[in-house]
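Each reported figure results from applying straightforward, stated rules to the coordinates on display, with no laboratory input. Values in this document were obtained by computation on a predicted structure and should not be read as measured data. Backbone-built Cβ (ideal geometry, glycine too); neighbour counts: all protein chains shown.
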Amino acid sequence: MARKKRTKKGLGDTVAKITEVTGIKKLVGECEGCNKRQEKLNKLFPYKRNLNDSERKEWEAFLNRPNQNKIELEETKLIVRLLKDCLAMSVKPCYTCGVSTWKTWINKINKVYDRE
């Protein structure tokens with residue numbers, strides 16, 4: 001039977017996995033403090049997060065813009081910022097990127113927008 005791969009929410013999950021793989025967790029055992037620390041690290045350093053209210057409004061304005069075939073400079077900045085902040089992607093504004101790149105990035109943000 002195939003094991004379901006658990007998605008890491010943030011840094012706390014990564015630290016927990018490292019302590020498990022290295023054997024530290026076996027030495028220490030289960031502890032409430034470890035679980036709280038894991039949750040806190042996940043909240044402080046999430047790998048992905050949902051859009052906040054302000055970002056949702058910005059994204060809705062982008063989705064409802066009059067000219068759907070053109071992306072303005074300010075809109076490219078919004079896309080790059082959301083990719084960095086919500087999806088922890090390391091991207092830079094790209095003024096020479098093709099349409100397919102922008103569509104891919106827009107689709108990634110739409111997935112975050114739609115899951116809320």
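Details
- Dimensions of the chain from C-alpha coordinates, computed as largest minus smallest value along each principal axis and given longest first, are 60, 30, 29 Å.
- When +1 charges are put on Lys and Arg Cβ atoms and -1 charges on Asp and Glu Cβ atoms, the dipole computed for the chain relative to its Cα centre reaches about 560 debye.
- If you count Lys pairs in region 53-114 whose Cα atoms are under 13 Å apart, skipping same-chain pairs closer than 8 places in sequence, the total is 5.
- Helix 32-44 axis, angle to the chain major axis (alpha carbon atoms, nearest 10°): 10 degrees
- All aspartates and glutamates inside 20 Å of Lys25 as judged from Cα atoms, apart from same-chain residues fewer than 8 positions distant: Asp13, Glu39
- A cut-off under 12 angstrom between Cβ atoms defines the neighbours of Leu63, and their net charge, with Lys, Arg +1 and Asp, Glu -1, is -1.
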